[in-house]
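Here's the structure, in structure tokens; my notes come after.
The values are calculated or read from the model by the stated rules, or taken from the named source; none is laboratory data. A quick note: this is a predicted structure, and the numbers were derived from the prediction, not measured. Cβ placement follows ideal geometry from the backbone for every residue including glycine, while neighbour counts extend to all protein chains displayed. Heavy atoms of the whole protein, side chains included, go into the accessibility calculation; ligands, DNA and RNA do not. Shrake-Rupley method; radii C 1.70, N 1.55, O 1.52, S 1.80 Å.
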Amino acid sequence: MEKLSYRFEGGSRKLPKQADVVGVVSSGNLEVLIESAPLGGGCVIDISTAAVGFGATWQAVMADFQQRWQLADTRIAINDMGATPAVVSLRMDQAVETMLGDSQ
């Protein structure tokens, strides 16, 4: 397992207080835990992945995600078993959309 961590600044969208989990960790998939957290306006994404050596790809996918959503004071934990970048993006979007519900 490889552990990666990314922090992004400058986001403006805050999420509701409740935490949420989307996805299931199984072969080729991942789970995302997303929650509000007092992070001085930052968005922290911690990743545990079975796919070792893909840090640059994870960085690009996380930067794209943060550019789309502009999250602030948000903590995200990802448990990955080898999901493709497209699946990661879709699952992360699903996590934010679930948190926001009708308030988008």
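Residues in the stretch 1-23 that are in a strand (DSSP E or B) and either of a type in the set (V, I, T) or open to solvent by 100 Å² or more (accessible area, probe 1.4 Å) (or both): K3, R7, V21, V22. From the list V88, V32, the one residue that fits, being touching a residue at least 60 places away in the same chain (Cβ under 8 Å), of a type outside the set (F, W, Y), open to solvent by less than 40 Å² (accessible area, probe 1.4 Å) and under 24 Å from G101 (Cβ atoms), is V32. Every test in (1) open to solvent by 20 Å² or more (accessible area, probe 1.4 Å); (2) farther than 15 Å from Y6 by Cβ; (3) at pLDDT below 95 is passed by G40 save one, and that test is (3).
Table: residues versus (1) in contact with a Leu (Cβ under 8 Å, 6 or more places away or on another chain); (2) assigned to a helix (DSSP H, G or I); (3) modelled with pLDDT of 95 or more.
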site	(1), (2), (3)
D46	yes, no, yes
G53	no, no, no
A60	no, yes, yes
F65	no, yes, yes
R75	yes, no, yes
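Scanning the stretch 21-37 for residues that are over 11 Å from the mean Cα position of the chain (by Cα) and farther than 11 Å from I78 by Cα, we see that the one that is modelled with the lowest pLDDT is S27. For the stretch 49-85, filtered to residues that are among the acidic types (D, E) and over 12 Å from M1 (Cβ atoms), the residue that is least open to solvent (accessible area, probe 1.4 Å) is D73.
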